[in-house]
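Report on the following structure.
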Amino acid sequence: MKILMITSEAFPFVKTGGLADAVSALAIALHKCGHDVRIVLPRYYTIRRDSLELLNAPLKINIGNKVYSTSIYKTTMPGTTNRTDKIGLPVYFIDYEPAFGRDGVYGSKTESDFRDNPFRFSILCNGVFELCKKINWYPDIMHAHDWASALVPVLLKFYKRKEQFSQVSSVLTIHNLGYQGVYSKENYPITGMKWTEFYKAGFEDWDNINFLKAGLVSADVLTTVSPTYAQEIQTAAYGFRMDPIIRNRKSDVYGILNGVNIDVWNPMNDNKITANYSVKTMDKKAENKAELQKRMGLKIDSTIPVVGIITRLTDQKGVSELFGPTYGCVYNMCVDFKMQFIVLGSGEKWCEDELRNLNSKLPNMGVYIGYDDELSHLIEAGSDFYLMPSKYEPCGLNQMYSLMYGTLPIVRRTGGLADTVEQYNEKTGEGTGFMLNDLTPRSIYDTVGWAMYAWYNKPEHIKKMKIAGMKKNFSWEMSAKKYEDVYKIAQNKVKE
Ligand code: ADP
Ligand code: GLC
């Protein structure tokens with residue numbers, strides 16, 4: 001099959017969260033299965049032009065009665081040309097200075113959500129069709145990811161499905177329903193859509209336009225990144241107002257769990273950690289713990305349990321219940337439990353400030369505010385527990401990384417967390433982590449307390465769980481097979 005992934009993020013070029021990991025890893029897995037997979041994304045400011053190849057001649061994108069003259073750059077996805085019989089996976093970048101020549105993917109420190117995002121991502125989505133013509137390559141599947149590329153299935157359904165695009169089907173994957181791309185209605189013309197389609201295509205949202213909603217209405221098939229989240233988004237509690245539409249299309253919704261890119265996340269050959277290890281050489285994990293304690297300015301002591309967290313500091317991740325001033329449970333946990341607590345994160349300002357404040361008061365807390373890929377690997381390898389009390393979690397990657405690194409997850413039972421972690425059985429020592437149901441400071445405190453109890457009193461259970469987690473298989477191969485099936489379903493819909 002010929003598959004074009006349209007995305008606003010792809011690892012290792014640009015990443016703000018798990019979307020980047022998931023899109024690239026899925027593309028690579030499908031490429032390994034023999035499909036002709038390609039990726040297209042914007043050439044942001046931070047992606048250096050001199051690392052890419054410029055395709056000759058500008059790419060002209062018509063939107064309304066205006067023509068935007070953009071350029072196309074190209075490269076090959078790292079790691080996809082290793083085998084001699086393989087042609088690498090092409091990655092295309094749409095370069096257009098007024099849209100992408102600035103710091104930030106969706107926003108910046110001073111403007112958290114760029115006002116002209118409808119224009120920016122309309123350049124991407126309209127550009128996709130011109131790109132195909134330019135390279136004379138027409139996919140069977142256009143696979144869009146989240147709101148920023150959700151316009152692609154809409155354009156395809158209403159205007160573009162003709163001539164060379166007549167057999168193209170669309171799949172839209174929801175990585176996070178909490179972000180929908182809602183903007184003032186004045187921006188509608190820049191999408192390239194006509195007012196006659198405004199309601200039909202699903203843009204209307206309380207007199208605004210909603211990109212994701214239009215995608216949910218228009219894509220041939222919808223997927224999301226775990227089976228549990230596929231159910232949750234059909235309920236009012238998790239549906240972010242989209243649940244009626246999703247329920248209405250429930251026979252077109254598939255939940256496929258993300259995998260882990262084991263070329264990047266694998267304790268046996270991760271070059272960002274101090275000592276590599278496997279189930280058989282688990283003792284070596286201790287060297288990572290010592291290095292992590294040192295790096296974070298904590299007492300180097302293998303007997304004290306280290307609880308780590310790596311996160312965007314945003315409400316989705318339970319940060320109010322953890323760090324909310326006078327409300328969150330972290331202060332009490334650090335005072336009451338003999339443990340060390342390590343946080344790597346960036347995001348909402350109140351939360352960054354509060355973390356600095358807590359860090360100055362608590363000798364057993366280590367905080368790094370910012371984005372640091374290397375440190376994130378060391379935290380996965382060096383921690384004993386990994387905390388992820390998300391309010392909602394479409395899939396979640398860190399709990400899977402944690403399981404693979406012998407670091408026991410403490411998670412809320414929701415979305416992909418519920419699909420990947422098994423609750424500790426204190427009688428048998430079975431399970432792979434600790435789970436809480438309700439998101440309150442008290443329940444986080446109690447569940448972390450439970451894990452600390454097990455650490456000090458049931459070391460044999462801790463060891464058994466670590467081994468059980470490390471033996472789990474989260475390879476992308478299995479998920480890629482499920483996407484193949486979904487693509488076939490999407491193709492049949494267009495043929496019908
Ligand atoms: P989400 O996409 O909702 O943020 P995921 O668990 O799917 O959640 O993926 C988050 C990814 O981003 C992980 O690979 C995690 O390691 C990474 N990450 C998040 N915050 C940071 C940070 N401050 N520094 C380094 N990596 C981070
Ligand atoms: C989103 C979700 C996260 C998921 C990731 C990749 O950012 O919040 O749960 O793992 O996308 O699909």
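Any idea how many residues of segment 4-38 are assigned to a strand (DSSP E or B) and either out of contact with any Leu (no Cβ under 9 Å at 6 or more places or on another chain) or surrounded by fewer than 24 Cβ atoms within 10 Å (Cβ to Cβ) (or both)?
Applying the first criterion (assigned to a strand (DSSP E or B)) to segment 4-38 yields 4-6, 10, 14, 36-38.
Within this subset, residues satisfying the condition of being either out of contact with any Leu (no Cβ under 9 Å at 6 or more places or on another chain) or surrounded by fewer than 24 Cβ atoms within 10 Å (Cβ to Cβ) (or both) are 14, 36, 38.
Of the residues in segment 4-38, 3 are assigned to a strand (DSSP E or B) and either out of contact with any Leu (no Cβ under 9 Å at 6 or more places or on another chain) or surrounded by fewer than 24 Cβ atoms within 10 Å (Cβ to Cβ) (or both).
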Mind listing whichever residues of segment 373-396 are touching a strand residue (DSSP E or B) at 6+ places or on another chain (Cβ under 7 Å), over 17 Å from Arg295 (Cβ atoms) and either part of a loop (DSSP other than H, G, I, E, B) or near ligand 1 (Cβ under 7 Å from one of its atoms) (or both)?
-> Pro389, Ser390, Pro394, Gly396
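Would you be able to say whether some residue in segment 308-319 is outside the structural domain of Thr16 (by TED's automatic domain parsing) and away from ligand 1 (no atom under 14 Å from the Cβ)? Let's see the steps before the verdict.
Within segment 308-319, the subset outside the structural domain of Thr16 (by TED's automatic domain parsing) is 308-319.
So of that shortlist, the ones also away from ligand 1 (no atom under 14 Å from the Cβ) come out as none.
Checked against the condition, which is being outside the structural domain of Thr16 (by TED's automatic domain parsing) and away from ligand 1 (no atom under 14 Å from the Cβ), segment 308-319 yields no hits at all.
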Hey, among the residues in segment 132-145 that are touching a residue at least 12 places away in the same chain (Cβ under 8 Å) and surrounded by fewer than 24 Cβ atoms within 10 Å (Cβ to Cβ), which one's farthest from Lys2 (Cα to Cα)?
-> Lys134
Looking at (1) in contact (Cβ under 8 Å) with a residue 24 or more places away in the chain; (2) away from ligand 2 (no atom under 16 Å from the Cβ); (3) open to solvent by 50 Å² or more (accessible area, probe 1.4 Å); (4) not assigned by TED's automatic domain parsing to the domain that holds Thr314, which is the one condition that is false for Glu374?
-> (4)
Give the residues of segment 378-432 that are on the phi > 0 side of the Ramachandran plot and over 16 Å from the mean Cα position of the chain (by Cα), sorted by residue number.
-> Gly406, Gly429, Gly431
Quick one: would you say Tyr44 is more than 16 Å from ligand 2 (Cβ to nearest atom), part of a strand (DSSP E or B) and open to solvent by less than 30 Å² (accessible area, probe 1.4 Å)?
-> no
For segment 187-225, name all the residues that are among the hydrophobic types (A, V, I, L, M, F, W, C), assigned to a loop (DSSP other than H, G, I, E, B) and under 14 Å from Leu151 (Cα atoms).
-> Met193, Phe198, Ala201, Phe203, Ala219
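Of all helices (runs of 4 or more DSSP H) completely enclosed by segment 71-186, which ones contain at least 2 residues that are under 28 Å from Glu484 (Cβ atoms) and not hydroxyl-bearing (Ser, Thr, Tyr)?
Values: elements: 97-100, 117-135, 151-155.
The helices (runs of 4 or more DSSP H) meeting that bar are 117-135, 151-155.
Going through Thr228, Thr274 one at a time, which residue ends up being more than 17 Å from the chain's Cα centre (by Cα), open to solvent by 30 Å² or more (accessible area, probe 1.4 Å) and β-branched (Val, Ile, Thr)? Give the derivation first.
Details: Thr228 fails: more than 17 Å from the chain's Cα centre (by Cα).
Just a single option satisfies the conditions, and that option is Thr274.
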Matching residues, segment 339-371, being surrounded by fewer than 17 Cβ atoms within 10 Å (Cβ to Cβ) and farther than 12 Å from Thr311 by Cβ | Lys349, Trp350, Asp353, Arg356, Asn357, Ser360, Lys361, Pro363, Gly370
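The values are calculated or read from the model by the stated rules, or taken from the named source; none is laboratory data. Because the structure is a prediction, the values reported are computed rather than measured. A quick note on method: Cβ atoms are made from the backbone with ideal geometry, for glycine too, and the neighbour counts reach across all protein chains shown. Protein only, heavy atoms only, side chains kept; ligands, DNA and RNA dropped before computing areas. Shrake-Rupley method; radii C 1.70, N 1.55, O 1.52, S 1.80 Å.
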